[in-house]
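Step one of this worksheet: look at the structure below.
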Amino acid sequence: MLRFVRKYIEELLPRDKYVSNGDKTMSFNELKDQITTCQDCKQKFGFTPNPIFHGKERSKIMQISQAPSKKVHETGLPFNDPSGAKLKYQWYQITDDIFYDEDNFYITAIAHCFPGKHPKGGDNPPPLACANKWLAREIEMVDNQLYIIIGARAAKYLFPNESFEDLIFKDNTLNNKPAIVLPHPSPLNIRWFKAHPAFEEKRVPEIREIIRDVLGLT
Ligand code: SF4
């Protein structure tokens, strides 16, 4: 019976999943300092990690993607790559000034560092230990109005029991706040876009309106 009740609570109150066991007295600035200096994955990666995230405690939108690309790792600016161009200019239709305004977006990911290249192509999977350690606390501490979750891996982590396609085409709730789920905007995802034309034709304009509303652009 107890196991059933716990499962019921975990499924219906996803907020509980993101209450970390960390130091409750940590300030937001202390959290940012700790993430910025984190080197937990140095040995696993084989190079010096560069944790990349951007925003402040009261950013209106918390955007959670998968992991920075190599270009983002090198430049230090999130979504400063072909994926970011599609996301910012085609889907959101906003300028860099709006996207990188910390009042607007808190930009983070399930892994805060580029995880290296996989020998068979593409990037290595994002280390979920990063999400368990840091993203959980960011979700607790950032006082956002809307979540945008980007990519199948991020969606699987945050909504483990739901179909990725279903999540994309409906309005969701995370931590008792509205949550939008997007496919990854990478040019490598072209097959998914071709197989789901309704996403860019119908869903993207709906999502754009929600974002503009939260940012006060309408
Ligand atoms: S990926 Fe996350 S846990 Fe690993 S070094 Fe970067 S910030 Fe630390």
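The values are calculated or read from the model by the stated rules, or taken from the named source; none is laboratory data. Everything numeric here is computed off the predicted structure, so don't read it as measured data. Note: ideal-geometry Cβ built from the backbone for every residue, glycine included; neighbour counts use all protein chains shown.
Here are the numbers:
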| quantity | calculated |
| --- | --- |
| Positions within the range 41-64 being closer than 16 Å to residue 76 by Cβ and in contact with a helix residue (DSSP H, G or I) (Cβ under 8 Å, 6 or more places away or on another chain), in sequence order | 48, 49, 50, 51, 52, 53 |
| Residue pairs meeting the criteria (Cβ under 9 Å; at least 6 apart or on separate chains; first near the ligand (Cβ under 9 Å from one of its atoms), in the range 98-126; second at pLDDT below 95 and among the small types (Gly, Ala, Ser)) | 114/69 |
| The range 43-90, residues that are among the aromatic types (Phe, Trp, Tyr), within 16 Å of the ligand (Cβ to nearest atom) and under 21 Å from residue 155 (Cβ atoms) | 53 |
| Hits in the range 176-218 (condition: part of a helix (DSSP H, G or I), of a type in the set (A, V, I, L, M) and within 26 Å of residue 139 (Cβ to Cβ)) | 204, 207, 210, 211, 214, 215 |
| Filter result (of a type in the set (Ser, Thr, Tyr) and either in contact (Cβ under 8 Å) with a residue 60 or more places away in the chain or farther than 20 Å from residue 181 by Cα (or both)) within the range 47-91 | 48, 59, 65, 75, 83 |
